[in-house]
Amino acid sequence: MNQNNFYITTPIYYPSGEPHMGHAYSSILADVFARFKRNDNCKVHFLTGTDEHGLKIQKAAEKNGLEPIIYCNKISKIFKNFTKKLNLSNDDFIRTTEKRHHKSVNDLWDRLVKSGDIYLSKYEGWYSVSDEAYYNSDEIIEKGGERFSTFSGSQVEWVEEESFFFKLSSWQEKLLEFYANNSKFILPISRRNEVVNFVKSGLKDLSVSRTSFTWGIKVPNNDKHVIYVWLDALTNYLSALNFPNTDDKLYKSFWPASLHVIGKDILRFHAIYWPAFLLAAKIKPPSRVFGHGWILSGEEKMSKSKGNILDPLGVIKKYGIDELRYYLMKEVSHGNDGNISLKSLENCINSDLANNYGNLCQRVFSFVKNNCKNKIIKTKNISEADKKLIKQTKNFTKDLRNLMNYQNLNNYIKSVISISFLTNKYINDEEPWKLKKSNIKKMNNILHLSLEQIAKISILLNPIIPDATTKVLKALKIKADLINLSFLDGKKLLSNETKISELNILFKKIN
Ligand code: MSP
């Protein structure tokens, strides 16, 4: 794969209920990385979709009195619409009930059979339908006669059935070697340590087929078994690139995946099972798995089954999509869990968007409109204050690519918002309004630099708040071929003589 190509995925969502804030968070996070890479002139392929097989979905369909496929068609559509509401820039939306995916899963299965990694036996143990996961006895606790996973808190049931197994145990050493050779395969580091310790403690072979229900992809040449939904689901990342056609342009351009953005609850599947399946099938594993934390409400994971949902669509309707995107990206510490509330959302909108970036844009645009007929001419003189602002901005921008390459979005946003703060301060200190009569040239220079700063900040914030920043960049009349990160390498965004157009208010302050 070309270094300049970037394949990024979100987990494909279970269509077992309405999309919630956790889904929104996970998707927006991936979208920000995808948009950033596009702005950095990379060729990006960004994938999301729905994970439609397995007992969990079969049961949800039964509960709704619908055939599984009818039920999936309905809910998958809701998730697809949700991607639009979140303003995701995904290039594809895959459904695991599609033909292209079946073909791909069958091929991966055949490769695992051929490599001798699959054998028939009997599974006896605990299974959680809600997590679609097997648990060991030491991962189970009993409460009021029912049993639950200590890892996820989900209820488990005892399962005894004929099953195909994947020889995961034989991949333990090779996985440890793989983690050692690819020290950034799992980020953040705390999650990497968690995975390495788990693998070191010993891996058991994994049951990869079920016989007690039918809703799934059948094991090739054995209709009695359906393929374990996680082996099925993970393969979506290959299916979307037209695997098994490894000569396909998409596959050649984008495999191995650059980044799987996932929640910590599904880390084991992505960081242990997935590279093991791929290594066994002689396919290169992805470059990075980034495991984010959970969105919490109080102390609990926000989820439909827990009934503690802050409805994303309601929030978008009331506050706006850029506002929600900015809030989730800024306030949640991305490796950790994050508590969210309407109060802190409102504070964040006011402090960063309305009072800082929004105010900067508004004050400069309206000043230029009212005093300069929307036209600014820059002269050569650069003041000490200009030099200082340019230098400070450089200091804040020099590390930005690096921060994003390691998914350190919190520090990225902090740096960019600091540039906006400094620019506001520069304007306060330079007081261009006092120069209207006495020094028009200097006033023009101050406004020109302020507009150049606004342009830079808008490009940097564009992956996070695409709607507002697009309006600003349009009003600045910046040419499309400059709306990228090339200014970090010294390109000027505005010509010396700059004409702008009017800008309406971007963010309303919440009282
Ligand atoms: N279908 C699987 C993924 C298969 S990928 C091959 C799945 N689906 S899910 O709908 O349950 O979750 C999708 C993503 O949303 C996961 O990354 C999960 O961690 C994330 N979140 C679900 N609830 C969440 C929070 N409350 N907070 C943050 N993210 C959480 O897992």
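The values are calculated or read from the model by the stated rules, or taken from the named source; none is laboratory data. Just so it is clear, the model here is predicted, and its values are computed rather than measured. Because the Cβ atoms are built from the backbone with ideal geometry, glycine has one as well, and the counts that use them run over all protein chains shown.
Quick notes on this one:
- When we screen Leu403, Leu389 for residues that are touching a residue at least 60 places away in the same chain (Cβ under 8 Å) and closer than 30 Å to Ile446 by Cβ, the only hit is Leu389.
- Checked across region 340-354, the condition of being within 10 Å of the ligand (Cβ to nearest atom) and either at pLDDT 95 or above or out of contact with any Leu (no Cβ under 7 Å at 6 or more places or on another chain) (or both) holds for no residue.
- Residue that is surrounded by the fewest Cβ atoms within 10 Å (Cβ to Cβ) [pool: residues in region 152-193 that are outside any helix (DSSP H, G or I) and among the basic types (Lys, Arg)]: Lys184
- Where strands (runs of 3 or more DSSP E) fall entirely within region 1-105, those with at least 1 residues that are away from the ligand (no atom under 14 Å from the Cβ), more than 30 Å from Lys317 (Cβ to Cβ) and touching a helix residue (DSSP H, G or I) at 6+ places or on another chain (Cβ under 9 Å) are at 5-9, 43-50.
- Filtered residues of region 331-370 (kept if under 28 Å from the mean Cα position of the chain (by Cα) and among the β-branched types (Val, Ile, Thr)): Val332, Ile340, Ile349
- Residue count, region 346-361 (criterion: touching a residue at least 12 places away in the same chain (Cβ under 8 Å) and farther than 24 Å from His448 by Cβ): 7
- Conditions (1) part of a loop (DSSP other than H, G, I, E, B); (2) at pLDDT below 95; number of the one not met by Ser486: (1)
- Residues that are crowded, with 23+ Cβ neighbours inside 10 Å, at pLDDT 95 or above and touching a Lys or Arg at 6+ places or on another chain (Cβ under 6 Å) occur at least once in region 6-13.
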